[in-house]
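As structure tokens, the structure follows; a few thoughts come after it.
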Amino acid sequence: MSRRMKRINELLLQEISRIVLERQHPDVGFVTFTGVDTTDDLLEAKVFYSVLGTEEEKVRTAKALHSMQHELMINMRRLESLKYIPKFHFIYDDTVIKAARVHDLLEEIHHEPPLPPSTDETSPPEKQG
């Protein structure tokens, strides 16, 4: 990915976060935008987000973000550095949830008592000599 595309993605991420925060849509839950991936032609952008909450809150947030697409595109027009404003596709990002689950499993393993030494008779005989 070119430096320019990285800057555009970062700019879009900041602006989307700012607009959604300022708008305070009643159906948007505790949302975190985790990334933006814009196509090379700048006509479309995947906006990745996560929501802290119940499944119902996640569904409501997804619907609210979808309904805000037009408003976001209008607000983005003030960005002079972009020739085109992409169409946004909001994609739920469960990476945070997966990372938390891995962390919990590692903690669980770390706190388990060690297994006793094996007295397995199938182990190779010791060399004598």
Per-residue accessible area for Arg78 at 1.4 Å probe radius, Å² rounded to 10? 130 Å²
What base-10 log of the normalised intensity I(q)/I(0) is obtained for the range 23-70 from the Debye formula, alpha carbons as equal point scatterers, at q = 0.21, 0.22, 0.28 Å⁻¹? -0.75, -0.80, -1.07
Heavy-atom surface of the chain, accessible at 1.4 Å and reported per residue (Å²): 76 Å²
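Quantify, in whole percent, the carbon and sulfur part of the accessible surface of the range 39-96 (1.4 Å probe; protein heavy atoms only). Don't skip to the end; give the middle numbers.
Working: 2020 of 3690 Å².
Ligands and nucleic acids excluded, carbon and sulfur give 55 percent.
Assuming 0.36 nm per residue, please report the length gained on full extension of the stretch His89 to Gln24 beyond their Cα-Cα distance.
On the way: separation 65, 0.36 × 65 = 23.40 nm, distance 1.96 nm.
In short, 21.4 nm is gained.
For the range 36-87, state which GluC sites (Glu not before Pro) are in a DSSP loop and have at most 12 other beta carbons lying within 10 Å of their beta carbon. Before the final figure, lay out each step's value.
Details: sites: Glu44, Glu55, Glu56, Glu57, Glu71, Glu80; in loops: Glu80.
Hits after loop and neighbour filter: Glu80.
If you take the beta carbon distance between Thr34 and His111 as r and set R0 to 22 Å, what does 1/(1 + (r/R0)^6) give as a FRET efficiency, to the nearest 0.05? Before the final figure, lay out the partial values.
Values: r = 30 Å, r/R0 = 1.34.
Between Thr34 and His111 the formula returns 0.15.
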Could you pull out which residues in the range 10-28 have an amide N less than 15 Å from a spot 7 Å beyond the Cα of Leu82, following the Cα-Cβ vector? 10-21
Straight-line reach from Lys58: which lysines have a Cα under 22 Å away, not including same-chain ones fewer than 8 places off? Lys46, Lys87, Lys98
Which percent of Cα-Cα pairs in the range 1-128 sits in each 5 Å bin, short to long? 2, 9, 16, 17, 12, 9, 7, 5, 4, 3, 4, 4, 4, 2, 2, 0, 0
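Using helices alone, what [θ] at 222 nm do you get for the chain, with -39,500 (n - 2.57) per DSSP H run of 4 or more residues, divided over all residues and rounded to the nearest 500? Provide the component values of the computation, followed by the final result.
Values: 4 runs with 59 residues, N = 129.
The per-residue figure over the chain is -15000 deg cm²/dmol.
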Using a 1.4 angstrom probe and counting only protein chains, how large is the accessible area of Met1 in Å², to 10? 140 Å²
Restricting to the chain, compute how many DSSP beta bridges are antiparallel as a %, nearest 5. 55 percent
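The values are calculated or read from the model by the stated rules, or taken from the named source; none is laboratory data. All values reported here derive from a predicted model rather than from experimental measurement. Methodologically, a virtual Cβ is constructed for each residue, glycine included, from the backbone with ideal geometry; neighbour enumeration extends over all protein chains shown. Just the protein is used for accessible areas: all its heavy atoms, side chains included, with ligands, DNA and RNA removed. Shrake-Rupley method; radii C 1.70, N 1.55, O 1.52, S 1.80 Å.
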